[in-house]
Protein chains: 2
Amino acid sequence: MRNFEYYNPTKIIFGKDTIGRLDDLVPRDARVLILYGGSSAEKSGTLDEVRRALADRSIREFGGIEANPTYETMMKAVELVRNSEVDFLLAVGGGSVIDGTKFVAAAVNFEGEPWHILEEHGRNIRGALPFGTVLTLPATGSEMNEVAVITNKAKQAKLDLISSFVFPRFSILDPTKTYTLPLRQVANGVVDAFIHIIEQYLTYPANGMVQDRLAEGLLQTLIEIGAQAINSPDDYDVRANLMWVATSALNGLVGAGVPQDWSTHMIGHELTALYGIDHARTLAIILPANLQIHRESKRGKLLQYGERVWGITSGNEEQRIDQAIAHTRSFFENLGLQTRLSDYNLGVDDIERVIAQLEAHGMTQLGENGDVTLEISRQILQASL
Amino acid sequence: MRNFEYYNPTKIIFGKDTIGRLDDLVPRDARVLILYGGSSAEKSGTLDEVRRALADRSIREFGGIEANPTYETMMKAVELVRNSEVDFLLAVGGGSVIDGTKFVAAAVNFEGEPWHILEEHGRNIRGALPFGTVLTLPATGSEMNEVAVITNKAKQAKLDLISSFVFPRFSILDPTKTYTLPLRQVANGVVDAFIHIIEQYLTYPANGMVQDRLAEGLLQTLIEIGAQAINSPDDYDVRANLMWVATSALNGLVGAGVPQDWSTHMIGHELTALYGIDHARTLAIILPANLQIHRESKRGKLLQYGERVWGITSGNEEQRIDQAIAHTRSFFENLGLQTRLSDYNLGVDDIERVIAQLEAHGMTQLGENGDVTLEISRQILQASL
């Protein structure tokens, strides 16, 4: 096992009827900016519940944060905070709203052009406004981590920031608030969480026994409940477990002390930035091909994954690896996510556009071994056609 | 799944050669009291490393904290802190030293007789001195939680305190510092961690899928490495995984949102207080009998435990439950822990002494269903003979 540090001070409030807890969790004298996305938080009644819980406080609101939140949009929120007396942020939504809120928290008092925060991946952050979250979409894990991803539309770039200053103070996870989500978003969330786990797990054996067992248990749970989450939208226990899996997938425990491979995410980010494909859907395209291209360097873990997660014990090693990859692809497709670039009418010419963007963003040594060069990314994209 | 709150702000520094990090982790101007146990921290060189890392600071030391730390001993540390300028505590040792340090942190500024802290199980704590830990013995999980257990020798009572004020600020976990531990303590640690997990897991099915998979993964890991931890004391990966399992066993994640059964611990505490039997060894006596007595109320989880942890899939339900309990008992015995009261020359008369102590401490409604009355505890003890 590798040396590691683990620190995660976010307080989780999990369960039914927990939004009222905001009145205890947000400081009495706070002047709050509520940030949210589209109309679903309004229609589902979640926003109204939040407003009622904070009725005694000064509240402002900032809506319209898009999926893959943009620098352009979030800078409007930064201006609003700078020009008002706001001193506490509350994100109400999914990963995009929370990521956007993290950026606002870090940018408000940042000296200089806030885009530099993203260019430096958050290393230059010296503080952030305090904020909490009310999660409505289980997927990204942003509600319990220190990571945010922001898209710059003008530059067609999607960059991350990582800083312990942007841990949420608290996150309220009420599974009933997910009942009215569009099923496409739920399916995306299942796949997003699944691939978050895979990227921290499916590298090479590194004797992280706890981490492996946790990863495998989370993957097994997603396989058990993925279809139910689509077919039974108001099954409390299914939605509760989905929510807790997605949070657990990216709160730092799965990847502590083991190698990580975020190449699928990095290639996927470029597909979203260039073509507007949903984040999770880009991952569903890239991952199976990535595993195929790396079947040698990932051999040990692919066999372990096949056996422990999918119960694959028969056949020779090559056959078991093929089965593991095929099961993975089928899992995504059965949830309604296509797994080929050609399903999105993308072809050979588009691969070179993606490669050019990866090059422009310095994504030339990806993967757990740092050997996913542009040429290897090209092979992965070709295998995704 | 039940509603739950999860909060754990302890920073973990895990790995080889990490004690030097103390210089960053302890405030520059802190006046530190180092608390430790017997001579092993000195002999292993760990204490010297700690002293070197903190050489620039004012340091005092308090040694001699016993296994099952006593109120009497820890009050001497409280007096030392009160009569000096100490404002930061550093526990160097295992769960006993850390538990004792938590009590000192809470007691120093407590108004009134500090024993009341334990009588109220920590509910009356309003603050605590900050402290960190350097862990030398993987077992109790105290390095990453808000719980301490203190024994009052005069009253023959062993009581716990639970308070978010006593989370360690940080804990340093260097697996190499466990190489020189007596093997008896290592075996105790494996069993202690195992039973911590069991008591949060083996109750009744409650749809905590993540929690179950995590618990099962931790148990499987202990089964895989338990004997190796004894037979190969300086195998880094074995000791590293043991350390991380023991911490993960009781940092709040396994038990979040699911019923818990601490009856084995409560009965075991009385055996330690009355007869001085090592904590883990009392648990190894009580648990198999407890599972036997509760085979009906725990049926669903006993079958799941047998199948997922021990791979028991053949036989009828009764046979599978018998096998699961027998495997558990054998696991403890193969590590050198006896599992019968009679192995300690305790008999029928002693059972009534234990029952009287449970009654005196209000331990009359134990277990996940609150139905472990004194009569049921008596049956468990009889089945432990």
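The values are calculated or read from the model by the stated rules, or taken from the named source; none is laboratory data. Here the structure is a predicted model, which is why all the values come from computation and not from measurement. With ideal geometry, Cβ positions are generated from the backbone for all residues, glycine too; neighbour counts draw on all protein chains shown. We work out accessible area using only protein heavy atoms, side chains counted, and drop any ligands, DNA or RNA first. Shrake-Rupley method; radii C 1.70, N 1.55, O 1.52, S 1.80 Å.
Structure summary
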item: Residue count for the stretch B:55-76, restricted to those that are touching a Gly at 6+ places or on another chain (Cβ under 7 Å) and of a type in the set (A, V, I, L, M, F, W, C); result: 2
item: Residues (touching a residue at least 60 places away in the same chain (Cβ under 8 Å) and in contact with a Pro (Cβ under 8 Å, 6 or more places away or on another chain)) located in the stretch A:72-93; result: A:Phe88, A:Ala91
item: Verdict on B:Asn290 being touching a residue at least 40 places away in the same chain (Cβ under 8 Å) and open to solvent by less than 40 Å² (accessible area, probe 1.4 Å); result: yes
item: Selection count where residues are under 24 Å from A:Arg169 (Cα atoms) and either more than 7 Å from every other protein chain (Cβ to nearest Cβ) or in a loop (DSSP other than H, G, I, E, B) (or both), scope the stretch B:1-23; result: 7
item: Residue list for the stretch A:216-247, filter: among the hydroxyl-bearing types (Ser, Thr, Tyr), without any contact (Cβ under 8 Å) to a residue 40 or more places away in the chain and in a helix (DSSP H, G or I); result: A:Thr221
item: Considering residues of the stretch A:321-366 that are open to solvent by 60 Å² or more (accessible area, probe 1.4 Å) and among the basic types (Lys, Arg) only, the residue nearest to A:Gln292 (Cα to Cα); result: A:Arg340
item: The stretch A:228-243 - residue that is among the hydrophobic types (A, V, I, L, M, F, W, C) and more than 11 Å from chain B (Cβ to nearest Cβ) and, of those, surrounded by the most Cβ atoms within 10 Å (Cβ to Cβ); result: A:Ala229
item: Tally of residues being facing chain A (nearest Cβ under 7 Å) and at negative phi across the stretch B:201-215; result: 4
item: Residue within the stretch A:22-29 that is touching a residue at least 60 places away in the same chain (Cβ under 8 Å) and under 19 Å from the mean Cα position of the chain (by Cα) present; result: no
item: Subset tally (residues that are open to solvent by less than 20 Å² (accessible area, probe 1.4 Å) and under 15 Å from the mean Cα position of the chain (by Cα)) for the stretch B:169-187; result: 2
item: Residue in the stretch B:110-123 that is open to solvent by less than 10 Å² (accessible area, probe 1.4 Å), in a loop (DSSP other than H, G, I, E, B), modelled with pLDDT of 95 or more and touching a Leu at 6+ places or on another chain (Cβ under 8 Å) present; result: yes
item: Conditions (1) surrounded by fewer than 24 Cβ atoms within 10 Å (Cβ to Cβ); (2) without any contact (Cβ under 8 Å) to a residue 60 or more places away in the chain: number failed by B:His196; result: (1)
item: Residue under evaluation B:Pro9, criteria (1) under 19 Å from B:Val166 (Cα atoms); (2) open to solvent by 60 Å² or more (accessible area, probe 1.4 Å), criterion not met; result: (2)
item: Which listed residue is surrounded by fewer than 24 Cβ atoms within 10 Å (Cβ to Cβ) and in contact (Cβ under 8 Å) with a residue 12 or more places away in the chain, from A:Ala107, A:Ala148, A:Ala139, A:Ala154; result: A:Ala154
item: Candidates B:Leu159, B:Leu202 - the one that is in the same structural domain as B:Asp99 (by the TED database) and not β-branched (Val, Ile, Thr); result: B:Leu159
item: Which numbered condition B:Ser164 misses (of (1) surrounded by fewer than 24 Cβ atoms within 10 Å (Cβ to Cβ); (2) polar (S, T, N, Q); (3) more than 10 Å from every other protein chain (Cβ to nearest Cβ)); result: (3)
item: Some residue of the stretch B:203-214 being closer than 21 Å to A:Val258 by Cβ, open to solvent by less than 30 Å² (accessible area, probe 1.4 Å) and in contact (Cβ under 8 Å) with a residue 24 or more places away in the chain; result: yes
item: Test for B:Ala53: is it of a type in the set (A, V, I, L, M, F, W, C) and surrounded by fewer than 22 Cβ atoms within 10 Å (Cβ to Cβ); result: yes
item: Number of the condition not met by A:Thr203 [criteria: (1) farther than 23 Å from A:Ser96 by Cβ; (2) out of contact with any helix residue (DSSP H, G or I) (no Cβ under 7 Å at 6 or more places or on another chain); (3) outside any helix (DSSP H, G or I)]; result: (2)
item: Options A:Leu374, A:Leu346, A:Leu366: the member that is farther than 22 Å from A:Leu214 by Cβ and free of Cβ contacts under 8 Å to residues at least 60 places away in the same chain; result: A:Leu374
item: Out of A:Ser40, A:Ser44, sole residue that is open to solvent by 50 Å² or more (accessible area, probe 1.4 Å), within 25 Å of the chain's Cα centre (by Cα) and touching a residue at least 60 places away in the same chain (Cβ under 8 Å); result: A:Ser40
item: Subset of the stretch A:143-168 [β-branched (Val, Ile, Thr) and part of a helix (DSSP H, G or I)]; result: A:Val166
item: Hits in the stretch A:251-271 (condition: surrounded by fewer than 24 Cβ atoms within 10 Å (Cβ to Cβ), away from chain B (no Cβ under 13 Å) and touching a strand residue (DSSP E or B) at 6+ places or on another chain (Cβ under 6 Å)); result: A:Met266
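For every residue, the table says whether it meets (1) modelled with pLDDT of 95 or more; (2) within 29 Å of A:Trp115 (Cα to Cα).
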{"residue": "A:Asp24", "(1), (2)": "yes, no"}
{"residue": "A:Ile34", "(1), (2)": "yes, yes"}
{"residue": "A:Ser39", "(1), (2)": "no, yes"}
{"residue": "A:Gly45", "(1), (2)": "no, no"}
{"residue": "A:Arg51", "(1), (2)": "yes, no"}
{"residue": "A:Ile59", "(1), (2)": "yes, yes"}
{"residue": "A:Gly63", "(1), (2)": "yes, yes"}
{"residue": "A:Ala67", "(1), (2)": "no, yes"}
{"residue": "A:Glu72", "(1), (2)": "yes, yes"}
